[in-house]
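S.K.: Structure incoming, see below.
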């Protein structure tokens with residue numbers, strides 16, 4: 001297990017896109033600045049989708065402009081681009097790391113993008129190359145890598161084929177996403193093991209939804225397999241709107257606390273993260289999925 | 001990891017003792033019969049405490065009598081005995097496996113039993129011997145083995161000293177309980193590894209509270225270390241009334257589903273467990289901590 005687990009906060013995108021109510025720009029900016037100041041490594045500000053389709057993400061460009069202006073934080077600002085138009089918008093407003101993905105599930109891919117798996121993968125490879133040509137980082141993902149809410153199990157060969165295609169195109173930062181929350185720890189360790197057999201030098205990230213309560217166990221399985229970067233959501237926000245069954249992500253502050261218990265990432269400001277999660281719960285007026293923020297007393 | 005993980009259901013005791021309302025005897029009996037019929041290995045019916053102190057457990061003797069009468073199920077009926085009086089009651093009403101524990105935290109031990117750690121351990125060793133002399137099985141536990149809500153970290157030597165005392169007394173079925181939910185996976189694997197170094201033949205069980213969201217990750221760490229028996233609660237009920245910070249256990253049906261994904265324990269009736277968890281949620285009129293029972297559709 002790596003001594004420096006890279007913490008990639010995806011709640012502002014994966015979490016807030018699921019919320020029925022649109023969070024006001026100023027509130028979002030305050031949360032984002034807090035997340036940056038807490039010392040996380042990467043923060044996903046939003047996604048570049050059509051503002052009428054996903055009004056929760058309509059302020060993504062503006063948020064990038066505000067956070068980029070006079071930026072001194074070492075935290076990398078990431079943005080999710082679904083297509084070429086999104087890439088163009090992201091290049092114009094200050095995205096530092098482009099995230100893009102294609103689904104290993106044919107059904108999920110078609111519902112999500114209107115394209116089959118191979119076509120969607122080819123498209124994001126081209127986008128990743130364009131991002132690199134523009135001097136930006138890119139991370140590509142395999143969505144529904146551990147199973148699909150529509151199709152059920154996904155053959156591992158299909159996932160490995162996509163990873164191979166990414167590698168052949170020179171994209172070496174790769175995330176496997178458990179879009180429907182169907183991964184289990186033994187599977188996680190095995191599949192990431194296979195991925196590293198393709199190339200031990202891959203920068204691997206993981207993204208688990210907590211649908212069946214296995215999110216944290218899967219993160220530990222991934223870390224054990226050598227995965228270096230973990231995608232989580234502050235307060236446990238999150239889910240994917242295009243799968244039948246979805247639930248939040250593991251809460252960032254829960255993972256940070258767990259790592260800090262082990263002596264890892266102690267420089268991250270856990271108290272700050274907990275304060276933000278409490279503000280999220282107060283804002284939405286409900287209990288969030290995170291555990292640690294609910295605890296008043298810590299010994 | 002063992003192909004046959006022993007499933008010890010402790011919700012009827014560890015869960016229901018935490019509930020503000022007393023569950024009617026007939027409802028409890030229906031849940032217990034369902035848990036037996038679902039094919040779990042051990043079901044903890046209740047604890048032998050003073051009925052005025054813990055009215056939720058006042059019907060424990062009667063439940064044992066009802067479940068023992070004409071019993072054909074291979075499921076073992078366990079009961080928690082806190083003292084000699086409890087042992088006596090349990091021997092009279094049909095307990096098959098006595099569970100008893102002492103805390104590795106001096107403060108927790110004194111609050112819980114009025115005795116220090118050493119005295120409490122000596123007492124339960126004597127009780128375990130008495131149970132064995134009466135032809136019954138006994139499992140002893142180390143409570144607060146991974147940290148304490150009052151004292152904070154608990155030195156591992158203290159836990160290992162208690163385990164050694166149990167072993168020297170000939171008690172070989174030992175559970176480590178994370179009473180305050182403070183364990184983290186690396187610690188779990190290390191501490192159980194140390195325990196097995198004392199004697200590789202110990203029958204080890206684990207009991208984790210989900211206070212900080214690490215329950216399931218800790219279970220997987222324990223299984224990886226060679227632990228053969230896992231204590232969970234149906235619907236995720238549970239917690240310990242004598243620690244400052246507590247939350248439910250991992251839900252039995254969540255663990256069973258996860259193991260079945262891996263091809264393990266497929267003979268356990270998951271649908272039955274889910275139905276019982278839904279009835280629990282309906283009975284209490286609130287969302288329980290389990291994940292799987294909430295999902296209407298399974299692919």
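The values are calculated or read from the model by the stated rules, or taken from the named source; none is laboratory data. It should be emphasised that the depicted structure is a prediction, and the values quoted were computed from it without experimental measurement. Here the Cβ is made from the backbone with ideal geometry for all residues, glycine too, and neighbour counts use every protein chain on show.
S.K.: Collect the residues in the range A:166-189 that are more than 20 Å from residue A:229 (Cβ to Cβ) and crowded, with 18+ Cβ neighbours inside 10 Å, keeping them in residue-number order.
M.R.: The answer is A:180, A:182, A:184, A:186.
S.K.: Inspect the range B:4-21 for any residue being within 14 Å of chain A (Cβ to nearest Cβ) and either in contact with a strand residue (DSSP E or B) (Cβ under 9 Å, 6 or more places away or on another chain) or outside any helix (DSSP H, G or I) (or both) and give the result as yes or no.
M.R.: Restricting attention to the range B:4-21, the residues satisfying the condition of being within 14 Å of chain A (Cβ to nearest Cβ) are B:5.
This time we only want the ones that are either in contact with a strand residue (DSSP E or B) (Cβ under 9 Å, 6 or more places away or on another chain) or outside any helix (DSSP H, G or I) (or both), so: B:5.
Yes.
S.K.: Restricting to the range B:128-158, give me the number of residues that are surrounded by 21 or more Cβ atoms within 10 Å (Cβ to Cβ) and in contact with a strand residue (DSSP E or B) (Cβ under 9 Å, 6 or more places away or on another chain). Let's see the steps before the verdict.
M.R.: Initially, the range B:128-158 is screened for residues surrounded by 21 or more Cβ atoms within 10 Å (Cβ to Cβ), giving B:128, B:131, B:138-149, B:154.
Those left that are additionally in contact with a strand residue (DSSP E or B) (Cβ under 9 Å, 6 or more places away or on another chain): B:128, B:131, B:138-148, B:154.
Number satisfying all stated conditions: 14.
S.K.: Among A:80, A:63, which is touching a strand residue (DSSP E or B) at 6+ places or on another chain (Cβ under 6 Å), part of a helix (DSSP H, G or I), over 30 Å from residue A:263 (Cα atoms) and modelled with pLDDT of 95 or more? Give the steps one after another, and end with the answer.
M.R.: Details: A:80 fails: part of a helix (DSSP H, G or I).
Within the list A:80, A:63, the selection yields A:63.
S.K.: Only one of A:37, A:29 is over 20 Å from residue A:219 (Cβ atoms), surrounded by 16 or more Cβ atoms within 10 Å (Cβ to Cβ) and over 17 Å from the mean Cα position of the chain (by Cα). Can you tell me which?
M.R.: Numbers: A:37 fails: surrounded by 16 or more Cβ atoms within 10 Å (Cβ to Cβ).
Checking each option against the conditions leaves just A:29.
S.K.: Mind checking which residues of the range B:22-49 are in contact (Cβ under 8 Å) with a residue 12 or more places away in the chain, more than 26 Å from residue B:91 (Cβ to Cβ) and part of a loop (DSSP other than H, G, I, E, B)?
M.R.: Once the filter is applied, which keeps residues that are in contact (Cβ under 8 Å) with a residue 12 or more places away in the chain, more than 26 Å from residue B:91 (Cβ to Cβ) and part of a loop (DSSP other than H, G, I, E, B), the range B:22-49 yields B:38, B:39.
S.K.: Can you pull out every residue in the range B:159-181 that is over 17 Å from residue B:14 (Cα atoms), without any contact (Cβ under 8 Å) to a residue 60 or more places away in the chain and either within 14 Å of chain A (Cβ to nearest Cβ) or in contact with a strand residue (DSSP E or B) (Cβ under 7 Å, 6 or more places away or on another chain) (or both)? Give the derivation first.
M.R.: Taking the range B:159-181 as the starting set, the residues that turn out to be over 17 Å from residue B:14 (Cα atoms) are B:159-174.
Add one more test, that the residue is without any contact (Cβ under 8 Å) to a residue 60 or more places away in the chain, and what stays is B:159-161, B:163-174.
Within the range B:159-181, B:159, B:163, B:166, B:171, B:172, B:173, B:174 qualify.
S.K.: Counting only residues that are touching a strand residue (DSSP E or B) at 6+ places or on another chain (Cβ under 7 Å) and without any contact (Cβ under 8 Å) to a residue 40 or more places away in the chain, which one in the range B:97-127 is nearest to residue B:6 (Cα to Cα)?
M.R.: B:124
S.K.: Across the range A:261-292, what is the number of residues that are more than 10 Å from every other protein chain (Cβ to nearest Cβ) and either more than 19 Å from the chain's Cα centre (by Cα) or at pLDDT 95 or above (or both)?
M.R.: As a first pass, look at the range A:261-292 and keep what is more than 10 Å from every other protein chain (Cβ to nearest Cβ): A:265-286, A:288.
Remaining after also requiring either more than 19 Å from the chain's Cα centre (by Cα) or at pLDDT 95 or above (or both): A:265-286.
Total meeting the criteria: 22.
S.K.: Would you mention how many residues in the range B:124-150 are under 15 Å from residue B:104 (Cβ atoms) and either out of contact with any helix residue (DSSP H, G or I) (no Cβ under 6 Å at 6 or more places or on another chain) or within 14 Å of chain A (Cβ to nearest Cβ) (or both)? I'd like the intermediate steps shown before the answer.
M.R.: Here is the first cut: in the range B:124-150, the ones under 15 Å from residue B:104 (Cβ atoms) are B:124-125, B:140-150.
Filter once more, keeping what is either out of contact with any helix residue (DSSP H, G or I) (no Cβ under 6 Å at 6 or more places or on another chain) or within 14 Å of chain A (Cβ to nearest Cβ) (or both): B:124-125, B:141, B:143-144, B:146-150.
Qualifying residue count, the range B:124-150: 10.
S.K.: Condition first: modelled with pLDDT of 95 or more and either over 17 Å from residue A:218 (Cα atoms) or more than 10 Å from every other protein chain (Cβ to nearest Cβ) (or both). Now tell me which residues in the range B:236-260 satisfy that.
M.R.: The answer is B:252, B:253, B:256.
S.K.: Can you tell me which residues in the range A:200-234 are over 18 Å from residue A:181 (Cβ atoms) and more than 14 Å from every other protein chain (Cβ to nearest Cβ)?
M.R.: Matches in the range A:200-234: A:200, A:201, A:202, A:203, A:204, A:226, A:228, A:229.
S.K.: Give the range B:191-221 a look and list any residue that's more than 26 Å from residue B:128 (Cβ to Cβ) and out of contact with any strand residue (DSSP E or B) (no Cβ under 6 Å at 6 or more places or on another chain), or say none. Before you say what the answer is, go through the steps one by one.
M.R.: Within the range B:191-221, the first condition is being more than 26 Å from residue B:128 (Cβ to Cβ), and the residues that meet it are B:210-217, B:220-221.
Of everything in the range B:191-221, those that are more than 26 Å from residue B:128 (Cβ to Cβ) and out of contact with any strand residue (DSSP E or B) (no Cβ under 6 Å at 6 or more places or on another chain) turn out to be B:210, B:211, B:212, B:213, B:214, B:216, B:217, B:220, B:221.
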